[in-house]
Amino acid sequence: MSLADLSSTLWRIREMMDLLLFKLEEEQLVLAAGKTRWLPHATREVEMVLEQIRKSEVLRAAQVDAVAAEFGLAPAPSLQALAAAVDEPWSEIFQQHRAAFLTVTAEITAMAEANRELLTVGARAVHEALMNVTGSVTTYSRSGETVGVGRSSRLVNEAM
């Protein structure tokens, strides 16, 4: 296995991770706009990119192990360990791949967390809307049993 083949695979994974970040941002825009009709489509696209990344990761792991064997490294070395074991220009190339992976992973994590927060806020809003429409909501008692909570009295200031 050549270093060039491994680098090409790493480039493909980086491109797919950028695509994942884009798809997560699309999903966020759908959520923020309240266009829940398109949410299943956006989520499916995220899942498709994740599946492509998983498949590429299997190839990457095999290539890394082959390169590691060529350079006398233990199986599954980190990119940092691999970069330390190879000569220039490959050392610099693998360090750049590593830095790019760290950056895009942090961005993906932040975007996924923001999307999770938007979903939580949306679910809470739906719950509150249902409570206003139905006049009651099912909740849990101290003992863990489900109980219905009726609508409480409300004061309305008609002067406003």
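All of the numbers you see were taken from the coordinates with simple rules; none came from a lab. Bear in mind the structure is a predicted one, so any value in this text is a computation, not a measurement. Note: ideal-geometry Cβ built from the backbone for every residue, glycine included; neighbour counts use all protein chains shown.
Applying the criterion of being touching a residue at least 12 places away in the same chain (Cβ under 8 Å) and surrounded by 15 or more Cβ atoms within 10 Å (Cβ to Cβ) to the residues of region 53-65, the residue that is nearest to the chain's Cα centre (by Cα) is 53. The residues on offer are 83, 110, 42, 100, and the sole one that is in a helix (DSSP H, G or I), of a type in the set (Gly, Ala, Ser) and free of Cβ contacts under 8 Å to residues at least 12 places away in the same chain is 110.
What's the number of the condition residue 26 fails, among (1) of a type outside the set (A, V, I, L, M, F, W, C); (2) under 20 Å from residue 104 (Cα atoms); (3) loosely packed, with under 14 Cβ neighbours inside 10 Å; (4) under 22 Å from the mean Cα position of the chain (by Cα)? So the condition that residue 26 fails would be (3).
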